[in-house]
Amino acid sequence: MAEEDIKEKVLNDLRSLRGKLDPKVLKEVELRMNGQVPYDKESARKTVELFLHARHDQGAFAEKVLKALKDKDLEKEKDQE
């Protein structure tokens, strides 16, 4: 097999694999390859919940934050449609 044939086969295999991967996974891999850590929404949410739990305002601030997060999620969903 010629070197060009092998190269073309490998490139075709890579294209095929890329097509099967979730775009979010590809984005995360790209970020990590560039030395960036992708934003982990679940970890961030847990950190905020722990912070809010320690506050002593009967949950008023927590309600504002959670409402803002939900509103932001709804806006993202609308933008994606």
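The values are calculated or read from the model by the stated rules, or taken from the named source; none is laboratory data. What you see is a predicted model; the values in this text were computed from it and never measured. Reconstructed Cβ throughout: ideal geometry from the backbone, glycine too, with neighbour counts over all protein chains shown. Just the protein is used for accessible areas: all its heavy atoms, side chains included, with ligands, DNA and RNA removed. Shrake-Rupley method; radii C 1.70, N 1.55, O 1.52, S 1.80 Å.
Observations
- Volume per residue of the C-alpha convex hull in the chain, rounded to whole Å³: 127
- A straight chain from residue 74 to residue 17 at 0.36 nm per residue would run longer than the Cα-Cα distance by 17.3 nm.
- Value at 222 nm in deg cm²/dmol, rounded to 500, when DSSP H runs of n ≥ 4 in the chain each add -39,500 (n - 2.57): -25500 deg cm²/dmol
- Solvent-accessible area per residue, Å², over the chain with all protein chains present [probe radius 1.4 Å]: 96
- Note on the chain: dipole from Cβ charges, positive end direction compared against 65, 54, 2; the farthest Cα belongs to 54.
- A simple spin-label model places the labels of residue 31 and residue 48 1.6 nm from each other, with each point 7 Å out along Cα-to-Cβ.
- Positive contributions from Lys and Arg (+1) and negative ones from Asp and Glu (-1), summed over other residues with Cβ under 14 Å from the Cβ of residue 78, come out at -3.
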